[in-house]
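The values are calculated or read from the model by the stated rules, or taken from the named source; none is laboratory data. Worth saying up front: this structure is predicted, and the values here are computed from it rather than measured. Don't worry about glycine lacking a Cβ; one is built from the backbone with ideal geometry, like all the others, and counts go over all protein chains shown. Surface areas here come from the heavy atoms of the whole protein model, side chains and all, with no ligands, DNA or RNA. Shrake-Rupley method; radii C 1.70, N 1.55, O 1.52, S 1.80 Å.
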Amino acid sequence: MPDASIYTHIFLGATLTATSVGITARVLKDLGRSQSAEARIILGAAVIDDVQGLLILAVVTGIMTAANQGVALSYGATGVVVLKATVFLFGSLALSVYLTPRLFSLASKLEASGVLLAFGLAFCFALAGLASVIGLAPIVGAFAAGLVLEDLHDRQFVERGERSLENLVAPIASFMAPIFFVMMGIRTDLHAVAEPGVLGLAAVLTLAAIAGKQLCALGVIGKGYDRLSVAIGMTPRGEVGLIFANIGLTLTVAGERIVTQSIFSAVVIMVIATTFITPPALKWSFERRLRA
């Protein structure tokens, strides 16, 4: 993409940092390997990966917003963006230790039905709104809420016979997830796929997505670990990559969109490819080791 701006190149790199382990977690469960050492590494690393990806998204978005306003983002301003995102994420985790258990305990004193679900959703939307107010993408706040709301918070509700927050949210997720993917599909211009270079870009992005996660396996230190399985498990980009690309559609610099329909279509193809490749590849990798 020699004619694309440096901002487009940067944003594509940011999109590739994402990791979606929903598919991997399900495959690990179906293979009976969800409690394996490799599964723990994949899931733990994916959380750290997503936190770093959100920090990168905050910085990249800040750079492009400043550029669109005709202002060069200095190293100091970049540091402020990183500091805000870091303080927000880790501040949210600190809340989970000190404040949110007390808030949920207070909410449990209300005996009306539906309190837990309403309070949990309100907490999520509040953090997403707060992230937006301080100049971060709302997904940063929503992700932080997901990290904060562990099972401990709804224990008092469960002890009195109510369902857990995870079970209450599951039907909403089942309803909203297809809508999200339909919206992403609607925003994909099939005519753009036929444009010269789009399939080539999609192929290069897919290779980069796979190769990058293969390299990450070098960080698995210690003997006895199946590094190839870890690398394969980290490969799918899923909905996180789509969210990054969707945010890119809204960004402009000097009147030019950072992510065009052609680039968005290429990213969608990359997401589909990494999602479909991972399950059979992960199954093969585990079976390969068992045969050995």
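Looking at segment 54-139, none of the helices (runs of 4 or more DSSP H) lying wholly inside it contains 2 or more residues that are closer than 24 Å to ARG237 by Cα and basic (Lys, Arg).
Just one of the listed residues (GLY120, GLY141) is in contact with a helix residue (DSSP H, G or I) (Cβ under 6 Å, 6 or more places away or on another chain), over 30 Å from VAL267 (Cβ atoms) and surrounded by 12 or more Cβ atoms within 10 Å (Cβ to Cβ), and it is GLY120. Annotation: of all residues in segment 217-276 being assigned to a loop (DSSP other than H, G, I, E, B) and among the aliphatic types (A, V, I, L, M), the one that is surrounded by the fewest Cβ atoms within 10 Å (Cβ to Cβ) is ILE221. State whether the residues of segment 53-70 include one that is exposed (fewer than 15 other Cβ atoms within 10 Å of the Cβ) and more than 22 Å from the chain's Cα centre (by Cα). Checked against the condition, which is being exposed (fewer than 15 other Cβ atoms within 10 Å of the Cβ) and more than 22 Å from the chain's Cα centre (by Cα), segment 53-70 yields at least one hit.
Quick check: is even one residue across segment 75-94 open to solvent by less than 40 Å² (accessible area, probe 1.4 Å), β-branched (Val, Ile, Thr) and modelled with pLDDT of 80 or more? Before the answer, list the steps.
Residues of segment 75-94 open to solvent by less than 40 Å² (accessible area, probe 1.4 Å): 77-79, 81, 85, 88-89, 91-92.
Pick out the ones that are also β-branched (Val, Ile, Thr) and you get 78, 81.
Filter once more, so that each one left must be modelled with pLDDT of 80 or more: none.
Checking segment 75-94: not a single residue is open to solvent by less than 40 Å² (accessible area, probe 1.4 Å), β-branched (Val, Ile, Thr) and modelled with pLDDT of 80 or more.
Scanning segment 203-216 for residues that are open to solvent by less than 60 Å² (accessible area, probe 1.4 Å) and either farther than 16 Å from THR278 by Cβ or outside any helix (DSSP H, G or I) (or both) returns a single hit, ALA203. Under 6 Å between Cβ atoms, at least 6 apart or on separate chains: pull out the pairs that start in segment 1-30 with a residue that is in contact (Cβ under 8 Å) with a residue 12 or more places away in the chain and closer than 24 Å to GLN52 by Cβ and end on any residue that is among the acidic types (Asp, Glu) and open to solvent by less than 40 Å² (accessible area, probe 1.4 Å). Every condition considered, the pairs that remain are THR19/ASP49. Annotation note: Cβ proximity below 8 Å between a residue of segment 32-61 that is within 19 Å of SER285 (Cβ to Cβ) and a residue that is of a type in the set (Lys, Arg) and surrounded by 15 or more Cβ atoms within 10 Å (Cβ to Cβ) (sequence gap 6+ or interchain) occurs for ALA39/ARG33.
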